[in-house]
Amino acid sequence: MKAIIQRVTTASVSVGEVPISSIGRGLCVLLGISMEDTEGCGLHVSILNLRLFDDENGRAWSKSVMDRECEVLCVSQFTLQCILKGNKPDFHAAMPAELSQPFYNNILEHLRSTYKPEMIKDGQFGAYMQVHIQNDGPVTIELVSPSAPMDPKQLAKQEKQQQRKEKQRSKGPLESGRERAAPRPRAQDPNASSGADGDVSSERET
């Protein structure tokens, strides 16, 4: 799992024109969950204990978000698990939505139970969101949790899916279109003759 943590003065999430969540001073956390992640990584503890804030005397890097009683806005972002293939991003390393949503919700529950539930805000999972972040500093920290070994069956399944995608890509749209548009062979003309007229039948086959 990868977390991009930004110290903010304000942050908010909207979907279209509809506001979803907003916070004042605190942390905006972008979370990317990978296929290799397992629950119980303890990343929520690291997020809440990061000393990214000044203390009452202005000493930097002294207080955590819980010490300062600030808010946390979490946003699920699968694009953090991007792998570049040339100039094109590939996201097959990201956990599929049907698996990552309960995983993500579990992280939120851990954050709320460790801190104060009302101080943990959320975006809208799976939606096309507009995320407004006013970074304070700027201060941005990347946390990566250690990945557990992937189940061999799951790994084999993922490799097969990737091979199918690569095979479809290698065909290209033109070749696929030709296969779909290939004309059916016409019935042989009973009046066609052999010999010199055979050139006509060979042209039909071409």
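The values are calculated or read from the model by the stated rules, or taken from the named source; none is laboratory data. Treat the numbers as computed from the prediction; the structure is a model and nothing was measured. All Cβ positions, glycine included, derive from the backbone under ideal geometry; neighbour counts span all protein chains shown. Only protein heavy atoms, including side chains, enter the accessible area calculation; ligands, DNA and RNA are left aside. Shrake-Rupley method; radii C 1.70, N 1.55, O 1.52, S 1.80 Å.
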**Asked** If you go through the stretch 65-88 one residue at a time, do you hit one that is in contact with a strand residue (DSSP E or B) (Cβ under 7 Å, 6 or more places away or on another chain), open to solvent by less than 20 Å² (accessible area, probe 1.4 Å) and at pLDDT below 95?
**Response** no
**Message:** Can you find a residue that is open to solvent by less than 50 Å² (accessible area, probe 1.4 Å) and touching a Cys at 6+ places or on another chain (Cβ under 6 Å) anywhere in the stretch 131-149?
**Reply:** yes
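Pick from the stretch 113-139 the residues that are among the charged types (D, E, K, R) and part of a strand (DSSP E or B): which of them is nearest to the chain's Cα centre (by Cα)?
Here the residue is ASP122.
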**Item:** the stretch 12-32 - residue that is open to solvent by less than 10 Å² (accessible area, probe 1.4 Å) and under 29 Å from HIS92 (Cα atoms) and, of those, farthest from the chain's Cα centre (by Cα)
**Value:** LEU27
**Fill in**
Checked against (1) among the hydroxyl-bearing types (Ser, Thr, Tyr); (2) out of contact with any strand residue (DSSP E or B) (no Cβ under 6 Å at 6 or more places or on another chain); (3) open to solvent by less than 30 Å² (accessible area, probe 1.4 Å), TYR104 satisfies every condition except (2)
**Prompt:** Has the stretch 131-147 got at least one residue that is in contact with an Asp or Glu (Cβ under 9 Å, 6 or more places away or on another chain) and touching a residue at least 24 places away in the same chain (Cβ under 8 Å)?
**Reply:** yes
